[in-house]
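To start, the structure under review is shown below, and the notes come after it.
The values are calculated or read from the model by the stated rules, or taken from the named source; none is laboratory data. Since the model is a prediction, treat every value here as computed from it, not as a measurement. Neighbour counts run over all protein chains shown; Cβ positions are idealised from the backbone, glycine included.
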Ligand SMILES: Cc1ncc(COP(=O)(O)O)c(C=O)c1O
């Protein structure tokens, strides 16, 4: 069976180094707020800064997951009751969930059927005087149209939050995802382009005051222990996950290059379906390789019969899910939920598997 992600195989290359890193944390007796988290934050900031034209320092705040990165960002930006936040309807649900959790009002916008990403025209159409922020999800590894979204946000005094959970290492106009808005939110869920062995996340920003606030919120709103200056919580990244991320960080480029190579072969070879469109300004890192087919169900069944896993990304638009209490008419989000299918793609996939997938899709 070819899995959608083969984490066990991806892990083999770094297994020994990770086991040593984890063992050293276990033996150190320091499991929370220790040197591995600081090392990771510095590494991640350095990596984003190097790739960026931005002359400001980048601050990284390690947190417990990508969902918590989004939640802590909204808390840090002061989004709450009465504030509207615009979120794409075709997405993983976390960006919508967190708006509700801080008591904000959700506004769903539609996406482009070519790139799966937020459509700025739809953002304008759903905005109201109560709009305070836009969450731009860089879906499947390609950045949303940040130039247009940024000018819209600047003009209206809205915050621009990047959900870069699926876009670690992605770039737009040579600027890394995570440096294109007011804050960048990352997930290191095991299947992500850099994955922990459990849950982990990070927030990035070039605003030093905001970074300090986010750091405090992730640890009960403390600046000083037991002195609660802000309402926060326990959103900490732990030492074991940080030590694992420190081992994997230097491999990000190698992993992403292989993902891009496999995606390139698929796009040249697959027939009778719509392959992902990459905008010229974007460096796509293919967290997922998602095709569109009018015969999605048939294609999915055929591949499963041939031992090739596949998954519907995403089966229902967020605006149709009852807990979000939305009433919206977003035809492209609806359509993509009918047509889209993710094929297997992971860095350790071999050429034989690539061939097998292409043959199975085309015949
Ligand atoms: C676009 C997007 N945002 C947020 C998240 C949440 O990340 P986590 O699972 O680390 O909480 C995910 C995770 O799958 C995601 O794909």
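Which of the residues spanning segment 290-323 are within 15 Å of the ligand (Cβ to nearest atom) and either modelled with pLDDT under 95 or surrounded by 18 or more Cβ atoms within 10 Å (Cβ to Cβ) (or both)?
290, 313, 314, 317, 318
Residue 167 is checked against (1) touching a strand residue (DSSP E or B) at 6+ places or on another chain (Cβ under 8 Å); (2) under 24 Å from residue 57 (Cβ atoms); (3) within 16 Å of the ligand (Cβ to nearest atom) and fails just one. What number does that condition carry?
Against the list (1) touching a strand residue (DSSP E or B) at 6+ places or on another chain (Cβ under 8 Å); (2) under 24 Å from residue 57 (Cβ atoms); (3) within 16 Å of the ligand (Cβ to nearest atom), residue 167 comes up short only on (1).
Any residue that is assigned to a loop (DSSP other than H, G, I, E, B), surrounded by 17 or more Cβ atoms within 10 Å (Cβ to Cβ) and within 14 Å of the ligand (Cβ to nearest atom) - is there at least one of those in segment 39-61? Step through it out loud before you land on a result.
Pass one, segment 39-61, residues assigned to a loop (DSSP other than H, G, I, E, B): 51-58.
Add one more test, that the residue is surrounded by 17 or more Cβ atoms within 10 Å (Cβ to Cβ), and what stays is 51-52, 58.
Next, from what is left, pick out any that are within 14 Å of the ligand (Cβ to nearest atom): none.
So far as segment 39-61 goes, no, none of its residues is assigned to a loop (DSSP other than H, G, I, E, B), surrounded by 17 or more Cβ atoms within 10 Å (Cβ to Cβ) and within 14 Å of the ligand (Cβ to nearest atom).
When only residues in segment 196-213 that are surrounded by 18 or more Cβ atoms within 10 Å (Cβ to Cβ) and within 16 Å of the ligand (Cβ to nearest atom) count, which is nearest to residue 59 (Cα to Cα)?
As a first pass, look at segment 196-213 and keep what is surrounded by 18 or more Cβ atoms within 10 Å (Cβ to Cβ): 196, 199-206, 210-211, 213.
Of the ones still in play, those that are also within 16 Å of the ligand (Cβ to nearest atom) are 196, 199-204.
Details: 196: 20, 199: 20, 200: 17, 201: 14, 202: 10, 203: 8, 204: 6 Å.
Here the residue is 204.
With a cut-off of at least 3 residues that are touching a strand residue (DSSP E or B) at 6+ places or on another chain (Cβ under 7 Å) and within 17 Å of residue 201 (Cα to Cα), name the helices (runs of 4 or more DSSP H) lying wholly within segment 64-161. Even if it seems obvious, please write down each step before you answer.
Numbers: elements: 66-76, 94-101, 120-126, 146-156.
Counting at least 3 such residues, we get 66-76.
What about residue 254, is it surrounded by fewer than 14 Cβ atoms within 10 Å (Cβ to Cβ) and within 17 Å of residue 166 (Cα to Cα)? Step through it out loud before you land on a result.
Values: surrounded by fewer than 14 Cβ atoms within 10 Å (Cβ to Cβ): yes; within 17 Å of residue 166 (Cα to Cα): yes.
Judged against the criteria, residue 254 is a match.
Scan segment 195-252 residue by residue and report those that are in a helix (DSSP H, G or I), without any contact (Cβ under 8 Å) to a residue 60 or more places away in the chain and closer than 21 Å to residue 11 by Cβ. Spell out the reasoning first.
We begin by selecting, within segment 195-252, every residue in a helix (DSSP H, G or I); these are 208-217, 239-252.
Within this subset, residues satisfying the condition of being without any contact (Cβ under 8 Å) to a residue 60 or more places away in the chain are 209, 212, 216, 241, 250.
If the condition is that a residue be in a helix (DSSP H, G or I), without any contact (Cβ under 8 Å) to a residue 60 or more places away in the chain and closer than 21 Å to residue 11 by Cβ, then 241, 250 are the ones that fit.
Just for segment 140-164: of the residues that are within 15 Å of the ligand (Cβ to nearest atom) and touching a residue at least 60 places away in the same chain (Cβ under 8 Å), which one is nearest to residue 253 (Cα to Cα)?
Applying the first criterion (within 15 Å of the ligand (Cβ to nearest atom)) to segment 140-164 yields 140-144, 161-164.
Then keep just the ones that are touching a residue at least 60 places away in the same chain (Cβ under 8 Å); that gives 140-143, 161, 163.
Numbers: 140: 17, 141: 14, 142: 15, 143: 17, 161: 24, 163: 20 Å.
Top of the filtered list is 141.
Hey, among the residues in segment 75-93 that are buried (at least 24 other Cβ atoms within 10 Å of the Cβ) and under 16 Å from the mean Cα position of the chain (by Cα), which one's nearest to the ligand (Cβ to nearest atom)?
Among them, the one singled out is 91.
Could you list, ordered by first residue, the pairs with Cβ atoms under 7 Å in which the first is in segment 64-89 and touching a residue at least 12 places away in the same chain (Cβ under 8 Å) and under 17 Å from residue 215 (Cβ atoms) and the second is more than 16 Å from the ligand (Cβ to nearest atom) and in a strand (DSSP E or B), at least 6 apart or interchain?
Pairs found: 77/159.
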